[in-house]
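Colleague: Have a look at this one before I ask anything.
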Amino acid sequence: MHDRKKKLDFIRKVLLAFLLGSGPAVRAEVDPAESIRVVCAVAPEGKGNVEAAQAWQRLVKTDAAQLPIILDAMQGANDLAANWLRS
């Protein structure tokens, strides 16, 4: 019984280390340029809305250091694209 508890504690620690260690690496790999381009292509009457939603999902995973790039993209963006970028 004592060995089982040790094994479970070890597995918990390994999983916790993995989860904590993988977060920033996943965020760092996301390049916002293509996602921004897709979001900025959204148009009235739902044109490009599905693609913009997918791109937005990628943008929310970017590192906080990319936020100025995302906010700069609002300059010159149409109102729909600006709303996506702002959210």
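Taken together, the values in this text are just the output of simple stated rules run on the coordinates, not laboratory data. All values derive from a computational prediction rather than experimental measurement. Neighbour counts run over all protein chains shown; Cβ positions are idealised from the backbone, glycine included.
Colleague: For region 38-79, I need the span (max minus min coordinate) of the C-alpha atoms along each principal axis, in Å, sorted largest to smallest.
Modeller: Sorted from largest, the Cα extents of region 38-79 read 33, 21, 10 Å.
Colleague: Given points 7 Å out from each Cα along the Cα-Cβ axis, report the LEU67 to ASP3 separation in nanometres with one decimal.
Modeller: So the two model labels end up 5.1 nm from each other.
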